[in-house]
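Data first, discussion second: the structure below is written as structure tokens.
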Amino acid sequence: MVSTRASDADRDSCLEDIEAAYADGRINDAEREARTQAALQATTLQELADLVADLGPAAKLPSKVAAAFTTSSSDASTTRLSRRFLLRLLLALLVPAAIAVVVWVSSAGGDSDEPTTPGSTAQAPNPKEKLELHTAEGFEQLVALTKAKFGTTIVDSAAIYPDYASIEVVMKDDERRVENWYFAKGFEGEPSKGSRPAGAVSIDLAAVDPAAYARAVKRSPSVLGVEDVSSTYVVIRSSGAEPTFSVYVSNEYSENGYWTFSLDGKELARYAFE
């Protein structure tokens, strides 16, 4: 069970547990976002079980995830969170904070409007203000800046919030490697680096229809029946046979839903709040 591949339904169940823990005050905003991103990218039930292992007894977990958690609990050596999960979680929590410190120091130390990034080299100019990434124009600028920075728009996945994003970029000179970058006013800080798993399916950000993307984000609250939305993000990844983008919306009452499309804007799935 530990190595069983997770389905979209399993990921959704895990997301519900994360949202419930957030609503109860057991995790904060940063932990919620870190666990949500890790759940969306999880490939096995064990990874999902690790994400919710400290949020309650196995009986309260989705059935398949609970089984994986129970199996792992029988062996003390496997109850520890995987190194991969810990690295993702720590990076998701610490990188934004580190970037904020760098930007603050840069602003306090001079009059230059250009952001200072440790170890950075000459690259295309970054925007002075955060982009509105859920608009067609903002998304197009994100794609253009990705191309300017890396010489490619091929990625393994992307999680895009209103004014920041986390993108796993496939290295142009070695497609066996991937770097996870934080984007706010351009690409900031240092990325986490790793090797791509066998069979990983890449996605071209430039293939996403910007108009369909922006339209889906705008219409999602009403179509999915979620009022007073407090969180909206878009996940671009390979889902089954084809690459997709999905819009996720939720509010403070743990009412949530998602809407999934092909990259050219064809609706593939819809989970509305009822």
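None of the figures in this text is laboratory data; all of them are computed from the coordinates on show. The model shown is predicted, which means the values in this text are computed figures rather than measured ones. When we count neighbours, we look across all protein chains shown, and the Cβ atoms used for this are built from the backbone with ideal geometry, even at glycine.
What nm distance separates the two modelled labels at Glu129 and Lys147, each placed 7 Å from Cα along Cα→Cβ?
Between Glu129 and Lys147, the label points sit 2.5 nm apart.
Based on the alpha carbon coordinates of the stretch 140-194, what radius of gyration and maximum Cα-Cα distance (Dmax) apply, in Å?
10.3, 31
Lys and Arg at +1, Asp and Glu at -1: add these up for the other residues within a Cβ distance under 10 Å of Thr152 and post the number. If you can, show how the numbers build up before the last one.
On the way: positive: Lys147, Lys149, Lys172; negative: Asp173, Glu175, Asp204.
Here the charged neighbours net out to 0.
How much FRET efficiency would the formula 1/(1 + (r/R0)^6) give for Thr43 and Tyr253, where r is the Cβ-Cβ distance and R0 is 45 Å, rounded to 0.05? Can you show the working numbers first?
Values: r = 30 Å, r/R0 = 0.67.
Step by step, r from the Cβ atoms, then E = 0.90.
Determine which aspartates and glutamates satisfy two conditions relative to Lys185: a Cα distance under 13 Å, and not lying fewer than 8 residues away in the same chain.
Excluding near neighbours in sequence, the set is Asp113, Glu114, Glu129, Glu132, Asp163.
With label points built 7 Å along Cα→Cβ from the Cα atoms of Ala136 and Arg5, find their separation and express it in nm.
3.6 nm
On a 25 Å Cα-Cα criterion, which of the cross-link pairs Lys149/Lys218; Lys193/Lys266; Lys149/Lys266; Lys130/Lys266; Lys218/Lys266 come out too long? Mind dumping the intermediate values first?
Details: Lys149/Lys218 29 Å; Lys193/Lys266 33 Å; Lys149/Lys266 30 Å; Lys130/Lys266 29 Å; Lys218/Lys266 16 Å.
Listed pairs above 25 Å: Lys149/Lys218; Lys193/Lys266; Lys149/Lys266; Lys130/Lys266.
Counting Lys +1, Arg +1, Asp -1, Glu -1, what net charge surrounds Leu268 among other residues with beta carbon under 14 Å of its beta carbon?
Numbers: positive: Arg237, Lys266, Arg270; negative: Asp8, Asp209, Glu242, Asp264, Glu267.
Result for the local shell: -2.
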